[in-house]
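Engineer: After the structure tokens below, expect a handful of questions from me.
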Amino acid sequence: MEKELWKGNEAIAEAAIRAGCKYFFGYPITPQTEVPEYLSLHLPEIGGCFLQAESEVAAINMVYGAGGCGVRVMTSSSSPGISLKQEGITYLCGSEVPCVIINVMRGGPGLGTIQPAQGDYYQATRGGGNGDYRTPVLAPANVQEAADFVRMAFDIADIYRNPVMVLADGMIGQMMEAVEWHDIEKRELPAKPWATTGTQGKREHNVINSLYIQPEPCAEHNEKLEKKYKLIEEKETRYEEIDAEGCEVLFTAYGTTSRVCRAAMKLLADEGIKAGLFRPITVWPFPYAQLKKAAAQNSVKAVVVAELSLGQMIDDVKIALEGSKPISFIGKAGGLVPTPREVADAAKKAIGR
Amino acid sequence: MAIVYQKSKGLTDKELHYCPGCTHGIVHKLVAETLEELGIIGTTIGVAPVGCSVFAYDYFSCDMHGAAHGRAPAVATGIKRVSPPGTTVFTYQGDGDLAAIGTAEIVQAAMRGEKITVIFINNAIYGMTGGQMAPTTLIGQKTTTSPLGRTKEHAGMPIKMCELLSTLDGCVYAERVCVTDIPNLNKAKKAIRKAFELQQQNAGLTFVEVLAACPTNWGKPPIKAVEWLKENMIPYYPLGVYKDSAEVK
């Protein structure tokens, strides 16, 4: 299949169109702005609607309205903008409205910087909004995956009636790489009898809503959602292992940082140290059991977590390993990316070399 | 036996939760009757707010969304932009919802000229949370968060939404009404009907503000509350048409 050169953000936008998404509501913020720019030109061409909202708050609520009508809809933003969307995300989860949310992460906290970072891991995996809810989060490590995961995200959203986040970072959003528009796995999608399409006088009214004022029904609703989240954990957990078999150092990293680890693995190989990589593809659900198994090999002396933050995913690694292996950390926050040499040195230190 | 009156098909059989003397029930009825008369219950999607009318999604028989506090015009925008032509979309919002936390959403929806109808209930107080000061609370009016009465120095002058929105080109119809007596109720019904008719013609955003009584949180029996509304609210919030830039065809 032919390969094309695509900028990450534009590939994300094009992938949404290829997934049958005709509606986008967003707000400009660096480093994701090419997503709305691309869609503002191309959605009208297919009879869809691009609308620049007055704020991220409004944009996510437009998504809530649109998604409730049963259409495929997307919004995108970068870290501070995603913070503003948290209210909408918890309503979307509570009301079980499917949609896709892109976060092209930048440095924080607050206004931070426009350079790449992975400091929104807690927010993405634990939820920045109120209440018990979960959103599946796919973390691409290159532009090809960004293009694939956006399309997968729409299916996951529809199958489980839940928002799905694609968690990229400024590096992936801004760089250009080869993309193949191959088919993704075809999944069976449910009908949407719950959608507000007008009763047409033929059925009881549909209500999109997250309010359950009596405690018993609200508890029941939470338990129903929890069952769904358990099912997602069971069916949708994704990860990748690279050269992990028989490795001495097991890197654990996602997204851009996983690529720095791969470069570090080569440096370490030159020095006679066998290093492998465990890469969560879904950061929620996190592949706890799979990571524990990979780290349980006798050969593994240390698990080295690398992040573009000062340590967020490391909490999940600790949960996964339950103290079974030593864990060390290398990370930078605020828009800087550790070099392969720095990561390799951290690994050497972890195993006393 | 001939039926001389019956509940509108625009309403469900759900029992309303409103306090005695509250005007929400009347306005629900007027909206529901309008949807029925225009034959659009089956093609209408409503958006309920957060506030006393938070359960409005249970009362209207058309498809409904419950929105986050203040966000109804954004939710309605999303619905309208993706729904087939001919779909009617309305929001039903109180003054805390629309004129405080949702100010950006209503102003921007009006600026864009979203083809939606907004029913705005102004009772000069937060009802659901138990009588706090609203942006529409009158000067001198005592609430649980302005216990000595609202002052201009501290909280500014109450916001006049009809006047504000009528300055925007995309808002094609804005009228302030009340439902304190039959003549006014009839005027309110006419205004609501016109607002929906103009939406059907894709004219722009249509806005009907209804001055409403809140006996419970005003601390007045229903009849006294209506008197207070007439004596205090109407002088500051004059009734009438503020914008009428599109003709009903």
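Engineer: What is the number of the single condition among (1) closer than 19 Å to residue A:85 by Cα; (2) touching an Asp or Glu at 6+ places or on another chain (Cβ under 9 Å) that residue A:155 does not meet?
Structural biologist: With (1) closer than 19 Å to residue A:85 by Cα; (2) touching an Asp or Glu at 6+ places or on another chain (Cβ under 9 Å) applied to residue A:155, the lone miss is (1).
Engineer: Looking at (1) without any contact (Cβ under 8 Å) to a residue 40 or more places away in the chain; (2) under 18 Å from residue A:16 (Cα atoms); (3) of a type outside the set (Phe, Trp, Tyr); (4) within 14 Å of chain B (Cβ to nearest Cβ), which is the one condition that is false for residue A:85?
Structural biologist: Condition not satisfied by residue A:85: (2).
Engineer: Okay, next question. Could you run through segment A:173-210 and say how many residues are closer than 24 Å to residue B:43 by Cα, more than 8 Å from chain B (Cβ to nearest Cβ) and touching a strand residue (DSSP E or B) at 6+ places or on another chain (Cβ under 9 Å)?
Structural biologist: 2
Engineer: Just wondering, is there one or more residues in segment B:86-99 that are at the interface with chain A (Cβ under 10 Å from one of its Cβ atoms), in a helix (DSSP H, G or I), in contact (Cβ under 8 Å) with a residue 24 or more places away in the chain and surrounded by 24 or more Cβ atoms within 10 Å (Cβ to Cβ)?
Structural biologist: no
Engineer: Tell me, which residue of segment B:44-60 that is among the aliphatic types (A, V, I, L, M) and in contact (Cβ under 8 Å) with a residue 60 or more places away in the chain is surrounded by the most Cβ atoms within 10 Å (Cβ to Cβ)?
Structural biologist: Per the stated criteria, the residue is B:50.
Engineer: Follow-up. Keeping to segment A:257-300, report how many residues are in a loop (DSSP other than H, G, I, E, B) and touching a strand residue (DSSP E or B) at 6+ places or on another chain (Cβ under 7 Å).
Structural biologist: 5
Engineer: State whether the residues of segment A:183-198 include one that is of a type outside the set (D, E, K, R) and buried (at least 24 other Cβ atoms within 10 Å of the Cβ).
Structural biologist: Of segment A:183-198, the ones of a type outside the set (D, E, K, R) are A:184, A:189-191, A:193-198.
Subsequent filtering for residues that are buried (at least 24 other Cβ atoms within 10 Å of the Cβ) retains A:196, A:198.
Looking through segment A:183-198, at least one residue is of a type outside the set (D, E, K, R) and buried (at least 24 other Cβ atoms within 10 Å of the Cβ).
Engineer: Another question about this same structure. Can you pull out every residue in segment B:2-25 that is free of Cβ contacts under 8 Å to residues at least 40 places away in the same chain and in a loop (DSSP other than H, G, I, E, B)?
Structural biologist: B:2, B:3, B:4, B:5, B:6, B:7, B:8, B:13, B:15, B:17, B:18
Engineer: Could you list, in sequence order, the residues of segment A:199-210 that are surrounded by fewer than 19 Cβ atoms within 10 Å (Cβ to Cβ) and on the phi < 0 side of the Ramachandran plot? Walk me through how you get there before you give the answer.
Structural biologist: Restricting attention to segment A:199-210, the residues satisfying the condition of being surrounded by fewer than 19 Cβ atoms within 10 Å (Cβ to Cβ) are A:199-204.
A:199, A:202, A:203, A:204 - these are the residues of segment A:199-210 that are surrounded by fewer than 19 Cβ atoms within 10 Å (Cβ to Cβ) and on the phi < 0 side of the Ramachandran plot.
Engineer: For segment A:322-350, give me the residue count where each residue is among the basic types (Lys, Arg) and either closer than 17 Å to residue A:312 by Cβ or modelled with pLDDT under 95 (or both).
Structural biologist: Residues meeting the conditions: 1.
Engineer: May I pose another question? Examine segment A:255-266 for a residue that is out of contact with any Asp or Glu (no Cβ under 8 Å at 6 or more places or on another chain), over 30 Å from residue A:109 (Cα atoms) and of a type outside the set (Asp, Glu), and state whether such a residue exists.
Structural biologist: Yes.
Engineer: Based on what the data block shows, is residue A:31 farther than 30 Å from residue B:49 by Cβ, away from chain B (no Cβ under 14 Å) and buried (at least 20 other Cβ atoms within 10 Å of the Cβ)?
Structural biologist: Yes, satisfied.
Engineer: I'd like to check something: does segment B:67-79 contain any residue that is of a type in the set (S, T, N, Q), crowded, with 24+ Cβ neighbours inside 10 Å and either closer than 20 Å to residue A:205 by Cβ or touching a His at 6+ places or on another chain (Cβ under 9 Å) (or both)?
Structural biologist: The answer is no; no qualifying residue exists.
Engineer: Kindly indicate which of A:232, A:242, A:213 is within 14 Å of chain B (Cβ to nearest Cβ) and of a type in the set (Val, Ile, Thr).
Structural biologist: A:213
Engineer: Let me ask you something else. Among the residues of segment B:48-68, which ones are within 9 Å of chain A (Cβ to nearest Cβ) and either among the acidic types (Asp, Glu) or touching a Pro at 6+ places or on another chain (Cβ under 8 Å) (or both)?
Structural biologist: Listed by number, the residues that qualify are B:58, B:63, B:67.
Engineer: Residue pairs, Cβ under 7 Å, 6 or more apart or interchain, first in segment A:38-66 and outside the structural domain of residue A:207 (by TED's automatic domain parsing) and under 21 Å from residue A:173 (Cβ atoms), second surrounded by 21 or more Cβ atoms within 10 Å (Cβ to Cβ) and modelled with pLDDT of 95 or more. List them.
Structural biologist: Partner pairs satisfying both residue conditions: none exist.
Engineer: Any residue that is part of a helix (DSSP H, G or I) and of a type in the set (S, T, N, Q) - is there at least one of those in segment A:190-199?
Structural biologist: Just the residues of segment A:190-199 that are part of a helix (DSSP H, G or I), to begin with: none.
No, every residue in segment A:190-199 fails to be part of a helix (DSSP H, G or I) and of a type in the set (S, T, N, Q).
Engineer: Sticking with this structure for a sec: Would you confirm, using the coordinates I've provided, whether residue A:305 is buried (at least 23 other Cβ atoms within 10 Å of the Cβ), touching a residue at least 24 places away in the same chain (Cβ under 8 Å), among the hydrophobic types (A, V, I, L, M, F, W, C) and not in a helix (DSSP H, G or I)?
Structural biologist: In short, yes.
Engineer: Which one is surrounded by the most Cβ atoms within 10 Å (Cβ to Cβ) among residues in segment A:242-281 that are of a type in the set (D, E, K, R) and either free of Cβ contacts under 8 Å to residues at least 24 places away in the same chain or not assigned by TED's automatic domain parsing to the domain that holds residue A:296 (or both)?
Structural biologist: Here the residue is A:262.
Engineer: Is there a residue being of a type in the set (A, V, I, L, M), closer than 25 Å to residue B:88 by Cβ and not in a loop (DSSP other than H, G, I, E, B) anywhere in segment B:134-144? Before the answer, list the steps.
Structural biologist: The initial filter retains those residues of segment B:134-144 that are of a type in the set (A, V, I, L, M), namely B:134, B:138-139.
Now restrict to residues that are closer than 25 Å to residue B:88 by Cβ: none.
Looking through segment B:134-144, none of the residues is of a type in the set (A, V, I, L, M), closer than 25 Å to residue B:88 by Cβ and not in a loop (DSSP other than H, G, I, E, B).
Engineer: Okay, next question. Taking the conditions exactly as written (within 13 Å of chain A (Cβ to nearest Cβ), under 14 Å from the mean Cα position of the chain (by Cα), of a type in the set (S, T, N, Q) and under 28 Å from residue B:19 (Cβ atoms)), does residue B:136 satisfy them or not?
Structural biologist: no
Engineer: Now for a separate question. Residues that are at pLDDT 95 or above, part of a strand (DSSP E or B) and more than 13 Å from the chain's Cα centre (by Cα): does segment B:180-193 have at least one?
Structural biologist: The answer is no; no qualifying residue exists.
The values are calculated or read from the model by the stated rules, or taken from the named source; none is laboratory data. What you see is a predicted model; the values in this text were computed from it and never measured. Note that we place each Cβ from the backbone using ideal geometry, even for glycine, and neighbour counts take in every protein chain shown.
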